[in-house]
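Peer 1: Structure incoming, see below.
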Amino acid sequence: MGSLLEVKDLKMHFPIYGGILRRRIGTIHAVNGVSFNIMPGETVGLVGESGCGKTTVGRTIARLYRATEGEVTFDGIDLFNYPKKQMKLIRRDLQIVFQDPFESLNSRHTVATILEEPFIIHNLGTPSERKREVKLLLERVGLSVNALNKFPHEFSGGQRQRIGIARAIALKPKLIICDEPVSALDVAIQSQIINLLLELQKEMSLAFLFIAHDLSVVRHVSDRIAVMYLGKIVEFMDAEVIYQEPKHPYTRALLSAIPLPDPNRKVSPQLLEGDVPSPIRLPRGCGFHPRCPYAQDICRRQAPELRAIGGGKHLVACHFSEELFS
Ligand code: SF4
């Protein structure tokens, strides 16, 4: 079986303009060479601290930004060379759920209009068929038909996220990019939304790129997890392996910061000191070296490649991962 999504060496740099003449005075290196794939029906979690570039990865894949470099193949189609005017055909199969559905839900439209829109854009069904589909969608995401004539601001955050999900699944996509879909919600609501996404995945064989800053959230949903730091993937592996045997100092620090009720947990607590360096002036060598307790001279000079260790699929970008955590 081939990949549904293949991302190769993706880079996304944003220019900074300043001064009276609005000249370019710098560059934000948000994404610096990211490669990964997602299989049909699979969930890949993309995790890292705020500002690590994970949201930019999702948005660049969906062509909300124009990539600086790299290739993205979705369902066999070269996305970055696909005519912009025809992108609506791709959107049918590739959807996004945003952290704040206000970003994507038109506040002046009722829920009925919002959910009918994808069918109208794609010329699907008669008006009565569309209305029936909209009711089914609402039901499927756990909202009553009373919601139909209300506006987004009349709902709670969790309910709004359900509407965002309903719209995302309306056309039965193959992949949904979930951009921090539960970060703004209370813990109890978070698990309801995650359970809803998992149910929908099973029913519809959906694949997810699940972006989050919270490892404990990603843990529940992912088959594989990619950990990002300063615009690069520093570790990538099956979800359970990454939790039991993380091999990158940054992943270990992230993990040790969350309370896991797991008796098999092998990671000893490790405090992560300092802030993420500015993506405007990237450190030389390993991007993590200013915060890494194991940094040596080579780390300050040479950036480690993301490489397979242990002869398997576990990928790590650290010069010393085998010696440090064998
Ligand atoms: Fe730390 Fe060096 Fe590994 Fe980077 S390469 S994570 S600085 S030990």
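The values are calculated or read from the model by the stated rules, or taken from the named source; none is laboratory data. These numbers were taken from a predicted model, which means no experiment stands behind them. Here the Cβ positions follow ideal geometry from the backbone for every residue, glycine too, while neighbour counts run over all protein chains shown. Keep in mind that these areas ignore ligands, DNA and RNA; they rest on the heavy atoms of the full protein, side chains included. Shrake-Rupley method; radii C 1.70, N 1.55, O 1.52, S 1.80 Å.
Peer 1: Can you give the FRET efficiency to the nearest 0.05 for Lys172 and Asp100, using r as the Cβ-Cβ distance and R₀ = 22 Å?
Peer 2: So, using R0 = 22 Å, E works out to roughly 0.35.
Peer 1: Which one, Gly53, Met1, His13, projects farthest toward the positive side of the charge dipole computed for region 1-55 from Cβ point charges (K/R +1, D/E -1)?
Peer 2: Projecting each Cα onto the dipole axis, the largest value belongs to His13.
Peer 1: Students often get this wrong: which residues of region 167-189 have the backbone nitrogen under 16 Å from the point 7 angstrom along Cα-to-C-beta of Met1?
Peer 2: Zone members listed by number: 174-176.
Peer 1: Please work out how much length the chain gains when fully extended from Asn146 to Asp238, using 0.36 nm per residue of separation minus the C-alpha to C-alpha distance, in nm with one decimal.
Peer 2: Length gained between Asn146 and Asp238: 28.9 nm.
Peer 1: Counting only helical runs of four or more DSSP H residues, what would the 222 nm mean residue ellipticity of the chain come to if each run contributes -39,500 (n - 2.57) and the total is spread over all its residues?
Peer 2: -8500 deg cm²/dmol
Peer 1: Also, I was wondering about something else. Please get the size of the charge dipole for region 117-266, origin at its Cα centre, with Cβ charges of +1 on Lys and Arg and -1 on Asp and Glu, quoted in debye to the nearest 20.
Peer 2: The calculation lands at about 260 debye.
Peer 1: Contour minus end-to-end for Met39 and Met87, with contour as 0.36 nm per residue of separation and end-to-end as the Cα-Cα distance?
Peer 2: Full extension of this stretch gives 15.1 nm more.
Peer 1: Please tell me which of these pairs span more than 20 angstrom C-alpha to C-alpha: Lys11/Lys313; Lys174/Lys202; Lys54/Lys84; Lys150/Lys174; Lys85/Lys150?
Peer 2: Lys11/Lys313; Lys54/Lys84; Lys150/Lys174; Lys85/Lys150
Peer 1: Once Rh is set to the Kirkwood radius over Cα pairs, what Stokes-Einstein translational diffusion coefficient, in µm²/s, holds for the chain at a temperature of 4 °C and a viscosity of 1.567 mPa s?
Peer 2: 62
Peer 1: If you take the beta carbon distance between Arg108 and Lys131 as r and set R0 to 25 Å, what does 1/(1 + (r/R0)^6) give as a FRET efficiency, to the nearest 0.05?
Peer 2: It comes out at approximately 0.80.
Peer 1: Can you compute the charge dipole magnitude of the chain about its Cα centre, using +1 on each Lys and Arg Cβ and -1 on each Asp and Glu Cβ, nothing else charged? Give it in debye, rounded to the nearest 20.
Peer 2: That gives a dipole near 1100 debye.
Peer 1: What length, rounded to one decimal in nm, is gained on full extension from Leu282 through to Glu323, with 0.36 nm per residue of separation minus their alpha-carbon distance?
Peer 2: 12.1 nm
Peer 1: Then there's this: Would you mind computing the Rg to Rh ratio of region 1-131 from its alpha-carbon coordinates, Kirkwood style for Rh?
Peer 2: Using Cα coordinates only, the ratio equals 1.03.
Peer 1: Could you provide, to the nearest whole Å², the per residue accessible area of the chain with probe 1.4 Å?
Peer 2: 49
Peer 1: Still on this structure, I have one more. In whole Hz, with x marking every Gly and Pro, tabulate ³J(HN,Hα) for region 61-78 from phi via Karplus 6.51 cos²θ - 1.76 cosθ + 1.60, θ = phi - 60°.
Peer 2: My calculation for region 61-78 gives 4, 7, 6, 7, 10, 8, 4, 6, 7, x, 10, 10, 10, 10, 6, x, 9, 6 Hz in order.
Peer 1: Mind giving me the nanometre distance, one decimal, between the label points for Asp9 and Arg307, set 7 Å out from Cα along Cα→Cβ?
Peer 2: Once both label points are built, they end up 1.9 nm from each other.
Peer 1: What number, in percent, do you get for the relative contact order of the chain if the mean sequence gap of Cα pairs under 8 Å and at least 6 apart is divided by its residue count?
Peer 2: Relative contact order comes out at 20 percent.
Peer 1: Probe radius 1.4 Å, ligands and nucleic acids ignored: give me the carbon and sulfur share of the accessible area of region 57-100 as a rounded percent.
Peer 2: 43
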